[in-house]
1. How large is the accessible surface per residue of segment 211-288, computed with a 1.4 Å probe and reported in Å² as a whole number?
2. Only Cα pairs under 8 Å and at least 6 apart count here; give the relative contact order of the chain as a rounded whole percent.
3. What's the magnitude of the charge dipole for the chain around its Cα centre, counting Lys and Arg as +1 and Asp and Glu as -1 at the beta-carbon? Answer in Debye, nearest 20.
4. Hey, what do the phi angles of segment 151-162 turn into as Karplus ³J(HN,Hα) couplings, whole Hz, using 6.51/-1.76/1.60 and θ = phi - 60°, x for Gly and Pro?
5. Rank Cys282, Val11, Leu150 by how far each Cα sits towards the positive end of the charge dipole of the chain (+1 on Lys, Arg Cβ; -1 on Asp, Glu Cβ) and give me just the farthest.
6. Mind sorting out which of [x] 45, 29, 15; [y] 39, 20, 17; [z] 25, 23, 19 is the real semi-axes √(5λ) of the Cα gyration tensor in Å computed from the coordinates?
7. Leaving out ligands and nucleic acids, and using a 1.4 Å probe, what accessible area per residue does segment 146-199 come to in Å²?
8. With 19 Å as the cut-off, how large is the P(r) tail for segment 161-240, expressed as percent of Cα-Cα pairs?
Amino acid sequence: MLTDGGLETDVLYNRGIDLPCFAAIVLLRTPEGRAALGEYYRPYLDLARDLGAGFVLESPTWRASPDWAAPLGLDQTELDQLNVAAIDLMRGLCTEYAADLPQIVISGCIGPRGDGYVPGELMSAAEATHYHARQVRVLASAGADMVSALTMTNVAEATGIVHAARQVGVPVVISFTVETDGRLPTGDTLMDAVTAVDTATGGYASYFMVNCAHPDHFAAVLDQGAAWTQRLRGIRANASRCSHEELNAMTELDAGDPTELGQLYRALLATQPQLTVLGGCCGTDLRHVTAVARACLTPA
């Protein structure tokens, strides 16, 4: 299964479209914005079609949970409506490409309550369940096949999202981000984070992922054949080797080397063959995902 690249960085830096608060959800407010999103997703679906791969359509709702309504100049009802519109857009694309791809999964994307790079003021798991329940419910009711929590910085928030998804009865994926040492911003190891969420939720999450980090930051901590790594099924890596702190300070995009990134993914798959969902995160675009797909889905 392929998925897309770094939606927000691509739209902002490569396409010159302003995203207040780094929120792609605002594009759904206008016909021009909706058209821009369609133009963004279709080449990825074309790539999957050409390679005979399935596709995870990740909705542009990463920064569309309740606390972000006011900074975006919205009330909660309007934000709910944009979440629904995002899934409607995904469903339209799914219909458009259903006959051409072996499988398309619509994923309602959920981001962290705060910054995507730092844990900030930590919630308890119960608080996280209460906070994220609204968006989970809206996305599921709109027709998402699953919800995916990307760029999770801490165990409690990830646990709360899994609880919220289970309450609604929708499948859920948890994707952690890590620092250059392979640990979460809280200092937890990736192994401990995956294990803790599974223990607290009875293993309800469909699988786990890593996103918003370069493969060099986490490849060494993936134990070959270990039980916890078998729960990792997807990678959405950054193009850049820079730390989160360095990325936050940048005024220009670091797109790295797409070909090299593809080879790094191929090396990961050599030791972690359970990785079946491949895409990109910050700094990546169609070039990077194409390189990843061709490196991993075509014979050597």
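The values are calculated or read from the model by the stated rules, or taken from the named source; none is laboratory data. Keep in mind that what you see is a predicted model, and the values were worked out from it rather than measured. For neighbour counting, all protein chains shown are included, and Cβ atoms are generated from backbone atoms with ideal geometry for every residue, glycine included. For accessibility, only protein heavy atoms count, side chains too; no ligands or nucleic acids. Shrake-Rupley method; radii C 1.70, N 1.55, O 1.52, S 1.80 Å.
1. About 43 Å² of surface per residue is accessible.
2. Result for the chain is 18 percent.
3. 780 debye
4. Ordered by residue, 3J(HN,Hα) equals 6, 6, 9, 8, 5, 4, 5, 4, 4, x, 5, 4 Hz.
5. Leu150
6. [z]
7. 29 Å²
8. Here the tail beyond 19 Å accounts for 34 percent of pairs.
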